[in-house]
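Reading through the structure tokens given below for one structure.
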Amino acid sequence: MACSALRTVVLSTRPLLQFRAGTVGALHFSTTAPAEAEKKHYKLCIVGGGSAGIANGSKFGRKLGAGNVCIVEPSEVHYYQPMWTLVGGGVKNFTQSGKATADVMPQTVDWIKARAEEFSPDDNLVRCSDGTQITYDYLIVAMGLQLSFEKIKGLPEAFQYDGVGSNFSPKYVEKTFRAIQNFKGGNAIFTFPNTPIKCAGAPQKIMYLAEDYWARNKIRDKANISYNTALPVVFGVKKYAEILAALCQKRNLKINYRHNLVEVIPDKKEAVFEHLDTGEKVTFPYDMIHITPPMGPLEVLKKSPLADAVGWVDVDKQTLQHVRYPNVFSTGDCSSLPTSKTAAAVAAQCGILYNNLSAIMDSQKPPKKYDGYTSCPLVTSKGKCILAEFDYDLQPLETFPVDQGKERRTMWHLKANVMPEIYWTGLLKGRWAGPGFYRKAMRLGMGK
């Protein structure tokens, strides 16, 4: 097996000499006995090695130099999760969505391969699962959020049965397309929970792809398709909500508003929903069901001084600086920022964060303000997409000088082929901070 070059990974209970295979699922071989837990200090500690953590690590690793930045992240594999919609829809392969974490970790940072288990911001301290204690001058929290399948009765056990899938987990995303392929008719249900989620458009995108697949395979007339959402609207931005509601009506996709999934009975193929306005429990028979699980902040954050009342990292929505600890910043899904939790939002936030934290390091005030920019490429079929972009006020903030509310093949190409490249070679390298510059250029400097 060909080997990539050796690189240092900081591990308190493992040796410094590591062998890494150049494939997803890195291999490590020990040459020394485990050492005692270490205490380390960094100018900047980044907790979380997802998109926000790696992007910030790349930016600040270049700025501060080797030995000054660490990333705390236990996972061996890094996923481009926006691709899972296309994996579940049978358009992409699951293996295309992941790379070894070692291959995306910036060379200028130290990788602490452990979980953060305790935050003590009054002492500028992070305690890790391997016993490592990290003190810091500055902290970025970018840990993502947690999926809570277990909050739905019958899960995760129901995933052992045919016809049940979820694009939100690497464990279950491939089951989604198998369920779509094996569906021969009957009731197909797609759910949206009564919590914030990552990529709020994803639960309906897979419905559109499934309906398109069944139409192409001439079984659409045998399918009763419903979108059971806990929300009172199909999408939070009025412009796109009106377009999507009309699309659902045209394609005979039934929307059941304010329906929250509370139980799955897989041996009977029944799903129980609570109507959030009346409290009534309603049972739906299904032949295929795609489940979007409840999501929320990680327990380690909920119990920390960094959290707000809900458990998100409590930051100013414009500067991304913590409201009580000025040397702490947060970005991505774990933050309290009141915008849709997407990779596009992360890109814009990382640009703001870099400028503001750099200013703080130079004893200056944060100069940049985040407007809540986020984006959701609403795939409506294989080959068509509506590119929704909007701000904190749920007003469209579109990049291209065309009406992005229309289904377009160009936007499909952007979603399926261009965005993954931007992610791997732009965002994770710290060289993509969203399309703000290009938006102004295309509009001759007018608008936001």
Give the number of residues within segment 385-404 that are of a type in the set (A, V, I, L, M, F, W, C) and within 13 Å of S340 (Cβ to Cβ).
-> 4
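A quick yes/no check of all residues on (1) under 25 Å from the mean Cα position of the chain (by Cα); (2) free of Cβ contacts under 8 Å to residues at least 12 places away in the same chain:
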{"residue": "K250", "(1), (2)": "no, yes"}
{"residue": "H259", "(1), (2)": "yes, no"}
{"residue": "E274", "(1), (2)": "no, no"}
{"residue": "I291", "(1), (2)": "yes, no"}
Looking at this structure, is T283 of a type in the set (V, I, T), without any contact (Cβ under 8 Å) to a residue 40 or more places away in the chain and not in a helix (DSSP H, G or I)?
-> yes
Take L306 and decide whether it is under 22 Å from Y227 (Cβ atoms) and buried (at least 17 other Cβ atoms within 10 Å of the Cβ).
-> no
Looking at segment 207-227, is at least one residue buried (at least 19 other Cβ atoms within 10 Å of the Cβ) and β-branched (V, I, T)?
-> yes
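Taking T380, is it open to solvent by less than 30 Å² (accessible area, probe 1.4 Å), at pLDDT 95 or above and not in a strand (DSSP E or B)? Break it down into steps so the answer makes sense when it comes.
Values: open to solvent by less than 30 Å² (accessible area, probe 1.4 Å): yes; at pLDDT 95 or above: yes; not in a strand (DSSP E or B): no.
No; evaluated as a whole, the condition is false for this residue.
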The listed residue being open to solvent by less than 10 Å² (accessible area, probe 1.4 Å) and either in contact with a Lys or Arg (Cβ under 7 Å, 6 or more places away or on another chain) or not basic (K, R) (or both), out of L298, L357, L261 | L357
Pair list, Cβ < 6 Å and 6+ apart or interchain, from segment 70-96 residues that are buried (at least 18 other Cβ atoms within 10 Å of the Cβ) to residues that are aromatic (F, W, Y) and at pLDDT 95 or above = C70/Y42; I71/W111; Y80/Y423; V87/F94; G88/F177
Identify, by number, the condition in (1) in contact with a Pro (Cβ under 9 Å, 6 or more places away or on another chain); (2) without any contact (Cβ under 8 Å) to a residue 24 or more places away in the chain; (3) among the aliphatic types (A, V, I, L, M) that A347 doesn't meet.
-> (2)
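Conditions (1) assigned to a helix (DSSP H, G or I); (2) among the acidic types (D, E); (3) in contact (Cβ under 8 Å) with a residue 60 or more places away in the chain; (4) out of contact with any helix residue (DSSP H, G or I) (no Cβ under 8 Å at 6 or more places or on another chain), marked per residue:
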{"position": "F400", "(1), (2), (3), (4)": "no, no, no, no"}
{"position": "D403", "(1), (2), (3), (4)": "no, yes, no, yes"}
{"position": "M411", "(1), (2), (3), (4)": "yes, no, no, yes"}
{"position": "L414", "(1), (2), (3), (4)": "yes, no, no, yes"}
{"position": "N417", "(1), (2), (3), (4)": "yes, no, no, yes"}
{"position": "E421", "(1), (2), (3), (4)": "yes, yes, no, yes"}
{"position": "T425", "(1), (2), (3), (4)": "yes, no, no, yes"}
{"position": "W432", "(1), (2), (3), (4)": "no, no, yes, no"}
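Can you tell which of V328, V310 is free of Cβ contacts under 8 Å to residues at least 40 places away in the same chain and more than 23 Å from M83 (Cα to Cα)? First the steps, then the outcome.
Values: V328 fails: free of Cβ contacts under 8 Å to residues at least 40 places away in the same chain.
That would be V310, the only listed residue that is free of Cβ contacts under 8 Å to residues at least 40 places away in the same chain and more than 23 Å from M83 (Cα to Cα).
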In segment 150-167, anything open to solvent by 10 Å² or more (accessible area, probe 1.4 Å) and out of contact with any helix residue (DSSP H, G or I) (no Cβ under 8 Å at 6 or more places or on another chain) is listed as E150, K151, K153, G154, E157, Q160, Y161
Among the residues of segment 130-144, how many are assigned to a loop (DSSP other than H, G, I, E, B) and either modelled with pLDDT under 95 or over 21 Å from the mean Cα position of the chain (by Cα) (or both)?
-> 3
Here are some conditions: (1) at pLDDT 95 or above; (2) on the phi < 0 side of the Ramachandran plot. T32 meets all but one. Which one does it not meet?
-> (1)
Scanning segment 82-116 residue by residue, the ones that are in a strand (DSSP E or B) and more than 20 Å from the chain's Cα centre (by Cα) total 3
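For S129, state whether it is open to solvent by 10 Å² or more (accessible area, probe 1.4 Å) and closer than 25 Å to G296 by Cα. If you could, list the steps in order and put the result at the bottom.
On the way: open to solvent by 10 Å² or more (accessible area, probe 1.4 Å): yes; closer than 25 Å to G296 by Cα: yes.
Judged against the criteria, S129 is a match.
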Number of the exception - I255 against (1) touching a Cys at 6+ places or on another chain (Cβ under 6 Å); (2) of a type in the set (V, I, T); (3) touching a residue at least 40 places away in the same chain (Cβ under 8 Å); (4) more than 24 Å from E118 (Cα to Cα) | (3)
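The values are calculated or read from the model by the stated rules, or taken from the named source; none is laboratory data. Model, not experiment: these values are computed from the prediction. Cβ coordinates were reconstructed from backbone atoms using ideal geometry, including for glycine residues, and neighbour counts include every protein chain displayed. In case anyone asks, the SASA skips ligands and DNA or RNA and just uses the protein heavy atoms, side chains included. Shrake-Rupley method; radii C 1.70, N 1.55, O 1.52, S 1.80 Å.
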